[in-house]
Amino acid sequence: MIHYRWNFAPVWDNLDVLAVGALGTLQLFAICAALGLSLGLFVGWVRYSGSKLPSLLAISFIEFFRNTPVLVQILWFYYALPLLINVDIKPMMAAILGISLNSAAFSAEIYRGGIQSIEKGQWEGAKALGMTLSQALRRVVFPQAFRRMLPALTNRMIEIFKMTTLASAVAYVELLQQGKLLSSLNFNPIETYTVVAIVFFLCLLPLVQATYFLERRLGRSDQ
Amino acid sequence: MKSHTPPALLKLTNLKKSFQSMEILSGIDLEVMPGDRIAILGASGSGKSTLLRCINLLEFPSSGSIALDGQLLGKATTSTATRTYGQAELPLIRQRIGMVFQQFNLFPHMTAGENVMEGLCTVKGWGKPQARTKAEEELERVGLQDKFEAYPSRLSGGQKQRVAIARALAMEPELLLFDEPTSALDPELVGEVLRTIRQLAQEGRTMLLVTHEIGFAYHFANRVLFLADGVIYEQGTPEDVLKNPKKEKTQTFLARHREFNF
Amino acid sequence: MHVWNFQPVWAHADLLVLGLANTLKVTAAALFFGMPLGLTLALMRLSQAKVFKWPSSLVIEVFRTTPPLVQLFWFFFALPILVNVEMTPYIAAVLTFSIQSAAFFAEVFRAGIESVEKGQREAGQALGMKPAQVMTRVVLPQAIKRMIPAFLERAIELMKTTTLVATVSYADLLFQTNEVAQKTFRPLEVFTVTALIYFSVIFVASKIVNHLEHKFAITGEGTVR
């Protein structure tokens, strides 16, 4: 049934093209992961800060960015935002905005889940010693919660890595985008996309294995 | 003079069981005759549960043999001591042996009545009406006929265990195994389960009971086994083993359980 | 300052509605095929036989460890040449997302099955049930109840993931949004409306799932029959 003759030569000849894309992927991933996970901490903090309005804003932010597809978010930032604020948004910026804000919303919920999983007794022990809420959080609760959050956080990082491929929809130069380029130039989608898939697989495998390992040691990673 | 002795219902010959590098059972030889009521005692880790679980093949013996009604279970291998147990024969063997677990293991997604019916319908292929009648009988035997429609989550521990007993009885097993049936119960619920077991004993059923309830063992059993060092360390009538233990470990064990009541 | 004008968007509302319908169509199809496939993969992975365990593990790992868009492109551009078949965006979409969601469902199934206590299995065996009977009469009924929240969450995830089909020109909501934006030159309004449509559908679905999770948690006991 399969009579196709595989020919990887055009792919090997153009590895540099793919390498440029891989670099773009890694760059985008690093920025979005860093921004997303740290912004999420801030958003999570605001959500539980106690004051009505900021808390409400944080909740709206979280609900909106969790419940809309990230591709829609990226495209909105690319096509819609420029018209709103009269500033040109480059593909990379649109991707960063979409993926980071999306990840921030999910991260905020991970942090919440982790903190809420710590028994009340820990808080009470800290307060009984005379700690303020902030000290209790920093010294007692968060260190314990962080361990429980690790599987979900590494899972989120895996998702962010996968999301970088969506930047190809706005022609940002990442690995999949370069794959599209090559496959249409050389008319060899099979080899090109297979190589692209394998590269992604190899990049993500360590993260996935790390998540399995952490899940086994520390508990589930459902968000 | 030739006496016609019926074959033992259950015969264990040099049964051994190891888990990884630890040998739990080091050679058990046992004959169980129909109507025997055998209490099995021993310290934690002495292999009492393992022994029971080997009999209905929830664990496979590492070596040695089991014969049910004179018929050896499993197939012989090239090594004379070990036997292998095939997937196909396991359900057939287990249908003939009933087991009551320490944790009851009732199916939570079925009512008490459905739990008792389950083996009859799924394993023995009975029709629902027949199975239901039988289930009602068995629940009545354990005094829970009005709990037929109740889900296990609505029952007390003692009631759950009695339903578990009814479930095992419904299969009309040749042999009943009880693996510490009251150990997971609150003290005030232990009595109802022990009463049910005693009633079964009076009906002449063949039973092996692993238990910590020494007082009950004294009244219930016609033979007591004390397990230690992976073998049947001491064996005899309740009078002998429980009141006048001859060997040191048995004596030490019983001394630690002084608070029982004969 | 931008002047909002939604009028052109409403004029093309029918295109957007068509898009939404197609989004739901793809999601439903992927779920329809993905669930039984996921169960099959899970059972294969749990079996002792290498001939089942390894292929299923491979499929599950590959589809969980590669980006969905790469999978979609592969199925849409590469597969038709490889096996010499006609490929439409819809088929590529359903194929990709069925297998992809199956890979995730497989893990949910596996976790659910493994979460049923050993004692339940033993009780079934002690009654003389064959392994298949233990699975269907005792383990699966209990496992499925526990898995329902995870499934529903995965289903909602799927609704978001299917937006990717717009990149292979399947006329889902996102694709139609682009079309309408190009027709009306009002990308801001159109994309905002689309974002709000997605939000409404997914948010409501999420809340329903949360509510159901609470219901299942509280009653605990369920009539699985």
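Coordinate-derived values only; no laboratory data. Because the structure is a prediction, the values reported are computed rather than measured. So basically every Cβ, Gly included, is an ideal-geometry build from the backbone, and we count neighbours across all protein chains shown.
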**Request:** For the range A:73-123, go through all pairs of different Cα atoms, get the mean of 1/r, take its inverse, and jot down that Kirkwood value in Å.
**Result:** 12.8 Å
**Request:** Report relative contact order for the range B:119-183 in percent, whole number only (criteria: Cα-Cα under 8 Å, sequence separation at least 6).
**Result:** 36 percent
**Item:** Over chain C: helical MRE at 222 nm, DSSP H runs n ≥ 4 each giving -39500 (n - 2.57), nearest 500
**Value:** -25000 deg cm²/dmol
**Message:** Whole-Hz ³J(HN,Hα) for each residue in the range C:5-12, computed from phi via Karplus 6.51 cos²θ - 1.76 cosθ + 1.60 with θ = phi - 60°, x for glycine and proline: what do you get?
**Reply:** 9, 8, 4, x, 5, 4, 4, 10
**Fill in**
Restricted to pairs 8 or more residues apart or on different chains, the lysines in chain C with C-alpha atoms under 27 Å apart form a number of pairs equal to 20
**Fill in**
Taking Cα atoms only, Rg over Rh for the range A:1-147 with Rh from the Kirkwood formula is 1.18
**Request:** Partner chain Cβ atoms within 10 Å, averaged over the residues of C:129-137 - can you pull that number for me?
**Result:** 4
**Message:** Filter chain B for me: DSSP H helices, axial length by Cα at least 18 angstrom, mean Kyte-Doolittle hydropathy not below -0.5. List them by residue number.
**Reply:** B:157-170, B:187-202
**Message:** Only Cα pairs within less than 10 Å get springs; with that Gaussian network setup on chain B, which residue of B:S65, B:S183, B:S44 has the largest fluctuation?
**Reply:** B:S44
**Asked** When DSSP beta bridges are limited to those with both residues in the range B:62-180, what percentage is antiparallel, rounded to the nearest 5?
**Response** 50 percent
**Asked** So what is the calculated 222 nm ellipticity per residue for chain A, using -39500 (n - 2.57) for each DSSP H run with n of 4 or more, over all residues, to the nearest 500 deg cm²/dmol?
**Response** -24500 deg cm²/dmol
**Asked** Which far-off residues, 5 or more places away or on another chain, put their amide H under 5 Å from the one on B:L10, with H placed in the peptide plane?
**Response** B:V32, B:D69
**Asked** For the pair B:E23 and A:Q209, what calculated FRET efficiency results from E = 1/(1 + (r/R0)^6), where r is the Cβ-Cβ distance and R0 = 41 Å, to the nearest 0.05?
**Response** 0.65
**Prompt:** Please state the relative contact order of chain B as a whole percent: Cα pairs under 8 Å, 6+ residues apart?
**Reply:** 24 percent
**Prompt:** Can you list residues whose amide H is under 5 Å from B:M99's amide H, if they're 5+ apart or on another chain and H is modeled 1.01 Å from N?
**Reply:** B:L177
**Prompt:** How would you order B:98-107, B:160-169, B:203-212, B:236-245 from highest to lowest mean count of nearby Cβ atoms within 10 Å?
**Reply:** B:160-169, B:98-107, B:203-212, B:236-245
**Net +/- balance of residues flanking C:L15 in space, Cβ distance below 11 Å, scoring K and R +1, D and E -1** = -1
**Fill in**
Yeah, the range B:60-114 with a ≥ b ≥ c from its alpha-carbon gyration tensor (a/c under 1.5 is rounded, else prolate when a/b outruns b/c, oblate otherwise) is prolate
**Highest to lowest packing among C:123-130, A:43-50, scored as the average C-beta count within 10 Å** = C:123-130, A:43-50
**Item:** Average beta carbon contacts from partner chains per residue of C:48-60, 10 Å cutoff
**Value:** 0
**Asked** For the peptides A:101-107, B:45-51, what is the packing order when you average, over each peptide's residues, the other Cβ atoms within 10 Å and list the highest mean first?
**Response** A:101-107, B:45-51
**Item:** Reachable lysines from B:K249, criterion Cα separation under 23 angstrom, eight or more residues apart if same chain
**Value:** B:K16, B:K17, B:K48
**Request:** With an 8 Å cut-off on Cα pairs and a minimum separation of 6 or more residues, tell me the relative contact order of chain C in percent.
**Result:** 29 percent
**Prompt:** Of the residues A:T154, A:T132, A:T68, which exhibits the maximal mean-square fluctuation in a Gaussian network model of chain A defined by a 10 Å Cα contact cut-off?
**Reply:** A:T132
**Prompt:** What does the helix-only formula give at 222 nm for chain B: each DSSP H stretch with n ≥ 4 adding -39500 (n - 2.57), the total divided by the residues, and the result rounded to the nearest 500 deg cm²/dmol?
**Reply:** -9500 deg cm²/dmol
**Message:** Using only Cα atoms and rounding to the nearest 10 degrees, what angle (0 to 90) does helix C:140-161 make with the longest principal axis of chain C?
**Reply:** 20 degrees
**Request:** Please average, across the residues of A:74-81, the number of beta carbons from any other chain that are within 10 Å of each residue's own beta carbon, and give a whole number.
**Result:** 5
**Asked** What size of dipole, in debye to the nearest 20, comes out for the protein assembly as shown about its Cα centre when the only charges are +1 on Lys and Arg C-beta atoms and -1 on Asp and Glu C-beta atoms?
**Response** 640 debye
**Item:** Average projected area [Cα convex hull, the protein assembly as shown], square nanometres
**Value:** 42.8 nm²
**Asked** How big, in percent, is the set of alpha carbon pairs in the range B:1-140 lying more than 25 Å apart?
**Response** 41 percent
**Item:** Gaussian network model of chain C, springs between alpha carbon atoms under 10 Å - residue of C:A93, C:A11, C:A21 with greatest fluctuation
**Value:** C:A11
**Message:** Give the aspartates and glutamates reachable from B:K124 as a straight Cα distance under 14 Å; neighbours fewer than 8 places away on the same chain don't count.
**Reply:** B:E172
**Asked** For chain B, what is the percent of antiparallel DSSP beta bridges, rounded to the nearest 5?
**Response** 55 percent
**Complete:** Using alpha-carbon positions, the gyration tensor of chain C gives root eigenvalues a ≥ b ≥ c; with a/c under 1.5 called rounded, otherwise prolate if a/b exceeds b/c, else oblate, the class is oblate
**Percent antiparallel among DSSP beta bridges (both partners in the protein assembly as shown, rounded to 5)** = 55 percent
**Request:** Measure out, as a whole number of angstrom, how far apart the alpha-carbon centroids of the range B:194-237 and the range C:125-140 sit.
**Result:** 30 Å
**Sites C:A28 and B:Q202 - FRET efficiency at Förster radius 56 Å, r taken between beta-carbons, to 0.05** = 0.35
